[in-house]
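Each remark here refers to the structure printed beneath this line.
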Amino acid sequence: MSLLESLRFTRGDTVIHNLDPRVKFLMTLVFFSVSVMFMDIVPLLLVFVVQIPLVFLAKVTNEWFKSIKGAGFIASFIFVTNMISFYYFRSGALTWDLVEYSLALTMRFIVLVTSFSLFFITTSPDKLSLALEKARIPYEFNFAFITAIRFVPVLADEAQTIMDAQRSRGLELDKGNFLTRIKNYIPILLPLIINSIRRSLELAEAMESRAFGATENRTNLYELKMNNIDVMVLVVSVILLVLAVYAKLYLPPFPSLLGNGPVF
Amino acid sequence: MALIEVKDLSYTYPQAEQPAIKNINLEINQGEFILLTGPSGCGKTTFCRTLNGLIPKFYNGEMTGKVIVNGLDTADHSTMELAQHVGLIFQNPDNQIFALTVEKDIAFGLENLGKSKPEMYKEIDWAAEVTGIQELRHRATHELSGGQKQRLTIASVLAMHPKIIVMDEPTSFLDPVGAEHIFDVLNQLNQELGITIIIIEHRIDIAAKYVDRIIVFDRGEVRSDGSPEEILSNEDTRLLGVGIPRILTLAKRLKDEAIFDNNPLTVDHFYDKICTVIQPASNKNIKPPFDLDELSGEYHHKPLIEISDLYFDYPGNVTALQGVNLTIHDGDYVAIMGENGAGKTTLVKHFNGLLRPKSGNIRFMGEDIKDKSVAQLARKIGLVFQNPDDQLFEETVEKEISFALHNFGIKESLIEKRVNWALNLLDIGKYREKSPFALSGGERKRVALASVLAWDPDVLVLDEPTIGQDYGQKERLRHFLMQLRTQGKTVVIVTHDVEFVAESQPHIVLMADGNVVTEGSTKQIMTTTEALARCSVAQPEITRLFTRLADYGLPNDVVDVDEAYDLLNRKIREARK
């Protein structure tokens with residue numbers, strides 16, 4: 001949950017925030033494909049080294065750190081399971097290359113989390129929706145997407161209030177066996193669902209009253225326009241991808257950092 | 001021709017047996033500022049929905065008669081077309097804000113109409129300016145306060161340049177200062193831009209001085225229609241359960257003295273008139289030789305809830321309480337007041353352990369509540385939340401009320417008894433087998449209250465019990481609270497409703513910025529103007545009058561109509577001698 005929460009958009013006025021969402025998404029995809037292409041620690045560290053300045057540039061170090069912390073558990077899980085499984089498959093010899101390999105896989109995960117958190121933390125849903133619009137996704141879907149995001153905090157508040165109200169009536173959520181516990185959530189879910197239905201009716205009324213669907217040619221207050229920086233980032237991303245593919249196909253494998261001697 | 005013409009309008013909701021409104025004939029002219037009022041369920045909201053065609057198009061159902069708005073028959077034009085002539089604003093601002101930023105939300109209607117970018121920016125600039133939210137333009141909509149959200153909804157509708165703006169209880173989620181602010185904006189739209197404004201509102205004391213016409217609905221029909229002075233001084237209106245401003249009630253009781261040729265709606269007006277009759281006194285503000293209140297003091301039983309140095313932060317380091325110290329005694333009747341965001345609800349959620357302090361401690365009956373569960377505490381301290389819809393979920397009212405009793409493990413035979421008792425106490429016995437969702441708002445509120453009272457807690461805490469309630473419902477609540485007090489219950493209410501407080505006279509705790517500013521009896525608190533201003537609490541009308549009458553040898557700590565009448569009556573007789 002904390003991992004998801006740390007992906008929430010944080011407003012800012014930096015180069016990264018102002019990048020065209022399509023370009024930023026391409027950049028994220030390049031990070032993604034490069035890190036999936038390699039299993040060696042050196043290229044993965046290289047990607048990480050490229051990402052860090054971007055995080056600083058976007059001034060979202062705190063948020064990024066939170067997402068890494070949120071991913072910490074899974075990261076350590078990846079490391080430990082890899083260590084254990086390889087240890088047993090390789091008949092009990094603990095060598096440095098094994099440690100390096102597990103570290104590389106963990107690093108890959110962290111690089112992936114970083115690239116996606118950087119994208120979501122710095123891209124406003126409004127811009128995302130514009131990008132969807134450019135991709136010719138029908139406006140109704142787009143509207144649903146924005147509305148969903150708009151009502152996340154509202155529904156979260158409401159769920160909390162309902163929970164408080166029912167606990168004040170003596171409802172104990174974490175009491176009883178598994179089935180009872182599920183049943184305990186009924187008094188919370190029902191009002192939440194009923195309120196949401198009521199809310200959706202009110203929303204529909206309000207939409208009508210604001211001329212929703214009045215014209216086929218709906219306009220948008222914001223527009224996407226690529227500027228020089230966008231083009232530059234686009235070119236650099238593509239070059240990086242080409243370089244990575246070239247390295248993968250034609251260059252010798254990357255050197256190992258830790259060697260392959262025994263750990264003990 | 002009138003701007004809005006309604007002819008023989010009747011409408012029945014689908015599957016309803018009775019018409020929601022019937023035989024309505026009205027003419028509304030350009031530039032009017034109209035208040036629609038009447039008891040809950042009288043058809044006001046239904047009427048508003050006919051003005052932009054939501055009825056009958058969105059709701060279906062059966063409509064007869066005609067509604068013509070700005071020359072357009074609503075039967076022949078779609079809601080999206082009518083939206084450009086009539087801006088309809090609903091009660092809950094959250095359910096009509098669609099965008100993630102303020103500016104984008106103002107643009108929503110314009111985008112739908114296919115306006116060009118420069119046009120939109122022009123309209124946004126103008127609408128934001130007029131409603132005073134210019135500096136919020138780039139803020140996220142979910143970060144706004146209630147008052148700001150309400151102003152945003154006005155701006156969003158205004159940007160489409162409607163000739164008429166219709167608002168359904170725009171101020172019910174706001175504190176009095178926020179409410180005043182909304183009325184100022186509406187007044188400006190009306191005066192400077194000539195926009196016709198129609199509002200539904202229960203807070204007549206605030207609305208009366210702005211509007212120039214009041215239409216009273218009752219059981220789906222127009223009961224009366226006229227100027228505020230005329231309508232509000234009509235005995236019929238009072239009997240319907242419409243809240244009459246206290247200052248007018250006072251004037252009417254002094255009527256025998258023939259001071260007022262027409263009925264004063266504002267304190268200023270009343271003051272000007274009364275000053276022509278009574279004379280300033282040389283001995284200012286004489287107190288009676290001994291003050292009964294001070295002599296007896298406020299008699300306190302033993303302390304029940306003791307809070308010391310309570311600090312609390314919400315996640316994300318949002319400071320909510322900053323060192324609250326408060327003691328509530330057994331049998332007290334306490335009102336916690338202050339502006340939105342002062343920490344009132346946060347504080348009462350500590351009473352039964354829903355929230356746990358960051359530091360400081362809370363004692364209940366002398367024991368620290370740190371190690372007690374919410375369920376254990378709730379058994380003794382009943383919390384009733386603001387919105388009944390946040391807790392009702394059972395199939396029948398009876399099951400709803402017994403829900404908590406089962407949770408507390410009360411014996412089956414006793415449950416039966418307690419449920420009957422609660423049903424009778426709140427006069428909802430006839431709904432026993434009905435679904436709580438089939439009831440009206442006021443009835444649902446009573447079911448929620450009954451569902452807490454049923455387990456007979458020692459302390460009853462009510463969060464904003466008067467919100468959205470009409471005058472009659474408030475009166476019933478007030479009597480009910482008095483009844484509970486005579487049974488020795490401790491009652492705590494969180495409220496903005498100054499007039500409700502003035503009539504029931506609790507011990508008041510004023511809060512601002514997560515702290516208790518001051519506390520004392522209603523009379524004491526309502527005369528400490530500085531603290532009141534700091535907490536955005538307005539003085540009751542009667543107190544405002546007596547504050548101004550200080551030079552006339554009258555006490556300034558008068559809060560209710562009865563006392564005010566006695567004092568003024570005596571004064572007038574003295575002057576006439």
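The values are calculated or read from the model by the stated rules, or taken from the named source; none is laboratory data. None of these values were measured; they are calculated from a predicted model. Glycine also receives a Cβ, built like all others from the backbone with ideal geometry; neighbour counts cover every protein chain displayed. The accessibility values were calculated without ligands, DNA or RNA, using every heavy atom of the protein model including side chains. Shrake-Rupley method; radii C 1.70, N 1.55, O 1.52, S 1.80 Å.
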Practice prompt. Would you tell me the accessible area of residue A:11, worked out with a 1.4 angstrom probe on the heavy atoms of the protein chains, in Å² to the nearest 10?
Written response: 120
Practice prompt. Would you grab the residues whose amide H sits under 5 Å from the one on residue B:221? Only those 5+ places off in sequence or on another chain, please, with H modelled 1.01 Å from N.
Written response: B:22
Fill in: Shielded by partner chains, the range B:14-61 residues - at least 20 Å² of accessible area, 1.4 Å probe, vs chain alone
B:54, B:58
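Roll a 1.4 Å probe over the protein chains and send me the accessible area per residue for chain A in Å². If you can, show how the numbers build up before the last one.
Working: 14810 Å² over 264 residues.
Accessible surface, normalised per residue, equals 56 Å².
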Item to complete: Please give the average number of partner chain Cβ atoms lying within 10 Å of the Cβ of each residue in B:96-106, rounded to a whole number.
Response: 5
Worksheet entry | the range B:204-237-the range B:11-44 distance, computed between alpha-carbon centres (Å) | 14
Worksheet item: Considering every residue in B:381-390, what mean count of other chain Cβ atoms within 10 Å of its Cβ is obtained?
Response: 5
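Excluding residue B:562 itself, what net charge comes from residues whose Cβ is under 11 Å from its Cβ, given Lys and Arg +1 and Asp and Glu -1? Mind dumping the intermediate values first?
Working: positive: B:246, B:253; negative: B:503, B:560, B:563, B:566.
Every neighbour counted, the sum reads -2.
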Worksheet entry | Built amide H within the under 5 Å cut-off of residue B:355, gap 5+ | B:350
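Counting each pair of different Cα atoms once, what's the Kirkwood radius of the range B:469-577 in Å, rounded to one decimal? Can you show the working numbers first?
Working: mean 1/r = 0.0651 Å⁻¹.
After inverting the mean inverse Cα-Cα distance, the result is 15.4 Å.
For chain B, what % of the accessible area comes from carbon and sulfur atoms, probe 1.4 Å? Don't skip to the answer; put the middle values down first.
Working: 10700 of 23030 Å².
C and S fraction of accessible area: 46 percent.
Can you tell me the dipole magnitude for chain B around its Cα centre, using point charges on the Cβ only (Lys, Arg +1; Asp, Glu -1), in Debye to the nearest 20? Intermediate values should be presented prior to the final figure.
Values: 62 positive and 84 negative charges, 154 e Å.
About 740 debye.
Could you compute the FRET efficiency for residue B:255 and residue B:16, with r as their C-beta to C-beta distance and R0 at 45 Å, rounded to 0.05? Write out the running numbers ahead of the final one.
Values: r = 42 Å, r/R0 = 0.94.
The computed FRET efficiency comes out at 0.60.
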Practice prompt. Using only protein heavy atoms and a 1.4 angstrom probe, determine the accessible area buried between A and B, summed over both sides, in Å² to the nearest 100.
Written response: 5200
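For chain A, compute the orientation-averaged projected area of the C-alpha convex hull (one quarter of its surface), in nm². Present the calculation step by step, with values, prior to reporting the outcome.
On the way: hull surface 83.4 nm².
Over all viewing directions, chain A projects a mean Cα-hull area of 20.8 nm².
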Worksheet item: So what J values fall out for the range B:89-104 if you push phi through Karplus, 6.51 cos²θ - 1.76 cosθ + 1.60 with θ = phi - 60°, rounded to Hz, Gly and Pro as x?
Response: 10, 9, 4, 9, x, 4, 8, 9, 9, 9, 9, 8, 10, 4, 4, 5
Worksheet entry | Cα extents of the range B:357-469 along the three principal axes, largest first (Å) | 45, 36, 21
Worksheet item: Comparing A:170, A:72, A:92, which has the greatest mean-square fluctuation in the GNM of chain A with Cα pairs linked when under 10 Å apart?
Response: A:170
Fill in: Karplus-derived HN-Hα couplings along the range B:382-390 (A = 6.51, B = -1.76, C = 1.60, θ = phi - 60°), whole Hz, x at Gly and Pro
x, 10, 10, 7, 4, 9, x, 5, 7
Fill in: Where GluC sites (Glu not before Pro) in DSSP loops with at most 13 other Cβ within 10 Å are excluded, longest remaining stretch of chain B
B:18-297
Worksheet item: Assuming R0 = 30 Å, what is the FRET efficiency of residue B:566 and residue B:219, from their Cβ-Cβ distance, to the nearest 0.05?
Response: 0.20
Response to the item:
For the range B:561-577, Karplus-derived ³J(HN,Hα) couplings (6.51, -1.76, 1.60; θ = phi - 60°; whole Hz; x for glycine and proline) come out as 5, 4, 5, 4, 4, 4, 5, 5, 4, 4, 4, 5, 4, 4, 5, 6, 5
Discussion item. I'd like the distance separating the alpha-carbon centroids of the range B:387-415 and the range B:459-535, in whole Å.
Written reply: 27
Worksheet entry | Calculated diffusion of the range B:78-147, Stokes-Einstein form, Kirkwood radius summed over Cα pairs, 10 °C and 1.306 mPa s, µm²/s | 123
Discussion item. Per residue, how much accessible surface does the range B:17-90 expose to a 1.4 Å probe? Answer in Å², no decimals.
Written reply: 38
Discussion item. Under the rule of at least 5 residues apart or a separate chain, name every residue whose amide H is placed under 5 Å from the amide H of residue B:492.
Written reply: B:334, B:460, B:461, B:462
Worksheet item: Does anything in the range B:1-30 have its amide N under 16 Å from the 7 Å Cα→Cβ label point of residue B:435, and if so which residues?
Response: B:14-17
Item to complete: Can you check what the Kirkwood hydrodynamic radius comes to for the protein assembly as shown, Cα pairs only, in Å to one decimal?
Response: 30.9
Worksheet item: At 222 nm, what helix-only mean residue ellipticity would the protein assembly as shown give, in deg cm²/dmol to the nearest 500, using -39500 (n - 2.57) for each DSSP H run of four or more?
Response: -15000 deg cm²/dmol
Worksheet, complete the sentence: In whole µm²/s, the translational diffusion coefficient that Stokes-Einstein assigns to the range B:24-86, given a Kirkwood hydrodynamic radius over C-alpha pairs, 25 °C and 0.890 mPa s, equals 195
Worksheet entry | Low-density loop positions, trypsin sites (Lys or Arg not before Pro), the range B:528-562 - DSSP coil, at most 16 other Cβ in 10 Å | none
Practice prompt. Please give the helix A:125-134 orientation as an angle from the longest Cα principal axis of chain A, in degrees from 0 to 90, rounded to the nearest 10.
Written response: 80
